[in-house]
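Here is the structure we will look at.
The values are calculated or read from the model by the stated rules, or taken from the named source; none is laboratory data. These figures come from a predicted structure and were not determined experimentally. Quick reminder, even Gly has a Cβ in these numbers, built from the backbone with ideal geometry, and neighbours come from all protein chains shown.
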Amino acid sequence: MASYLHHTATTSYLCCVPALEDSEGAGCVGLAAAKIQTLFKYTTKNVTYFSFFILIKYNSYFCLTNKSNFMENQQTSQKSIMINYGLILGVLTILVNVIAYMANGIEMERPFWEKALGWVVFIGVIFMAIIKFREANNGNLKLGQAIKTGLGVALIGGLITGIYVFVFFNYIEPTALDSIMEMTQEKMLEQNPDMTDEQMDMALKMTKMFMSPTAMIFMTIIGNLIMGLIVSLIAGLILKREEQYI
């Protein structure tokens with residue numbers, strides 16, 4: 001034991017500290033301290049990198065989660081807006097038709113005031129729906145979002161109006177189609193007094209086909225979609241706003 005201690009104390013070891021390199025028995029201590037210091041630096045560096053990596057991963061996950069939740073909320077908000085304003089458009093359109101029917105009865109051509117009032121209602125409701133969506137979307141609006149919202153409102157409004165048309169011609173005023181066919185025949189004779197009976201029958205058959213409740217529902221929906229596309233395109237170009245990051 002004594003010889004081992006003597007050997008340790010009197011043997012020269014290469015020391016990492018220049019001031020202790022020439023001292024007897026100091027090499028072991030210096031070497032051990034150097035290893036501890038290197039291990040500490042290595043561990044600290046790795047812990048720093050690992051913490052930074054975890055922070056980036058958490059931040060990315062947090063951003064993706066927020067984006068996903070925002071997209072879900074946006075879709076839900078857009079659907080609810082389309083449904084609500086589509087119902088409003090359908091009800092107001094029916095109200096305009098009822099007022100026109102009470103004022104003028106069954107007519108071949110709609111009066112100017114009815115057409116004008118119908119356009120005001122249609123354009124106003126779609127603009128209001130798109131503005132409402134922009135407010136729910138943190139003030140942001142893309143052209144595609146405006147068109148999608150406007151078409152959704154027009155589609156739902158057209159479905160409701162189409163159902164009203166079907167109920168009106170089948171249950172409320174079942175003789176209205178016959179009256180329209182008679183007025184159509186009179187107008188054709190005024191415009192073409194030389195029309196033969198065969199030509200008249202063919203023209204009335206085509207008119208009757210397009211005047212059926214099913215055809216009128218289909219034409220109402222298609223007409224609403226075409227007008228909705230035009231109005232929502234114009235509204236989107238006017239109301240669109242670049243994304244605002246907060």
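Among residues that are modelled with pLDDT of 90 or more and within 22 Å of ASN104 (Cα to Cα), GLY162 is included.
Candidates are the residues of region 181-212 that are of a type in the set (S, T, N, Q) and either within 21 Å of VAL165 (Cβ to Cβ) or touching a residue at least 60 places away in the same chain (Cβ under 8 Å) (or both); the one that is surrounded by the fewest Cβ atoms within 10 Å (Cβ to Cβ) is SER212. Checked against the criterion of being part of a loop (DSSP other than H, G, I, E, B) and free of Cβ contacts under 8 Å to residues at least 12 places away in the same chain, region 157-175 has at least one qualifying residue. Of all residues in region 103-128, those satisfying the criterion of being farther than 30 Å from SER179 by Cβ and out of contact with any Gly (no Cβ under 7 Å at 6 or more places or on another chain) are ILE123, GLY124, VAL125, PHE127, MET128.
For region 82-91, the count of residues that are part of a helix (DSSP H, G or I), over 30 Å from ARG134 (Cβ atoms), among the aliphatic types (A, V, I, L, M) and at pLDDT 90 or above is zero. Looking only at region 124-136, decide whether some residue is aromatic (Phe, Trp, Tyr), free of Cβ contacts under 8 Å to residues at least 60 places away in the same chain and touching a strand residue (DSSP E or B) at 6+ places or on another chain (Cβ under 9 Å). Yes: one or more hits. Annotation note: Cβ proximity below 6 Å between a residue of region 220-241 that is farther than 13 Å from ARG134 by Cα and a residue that is in a helix (DSSP H, G or I) and among the polar types (S, T, N, Q) (sequence gap 6+ or interchain) occurs for THR220/THR161.
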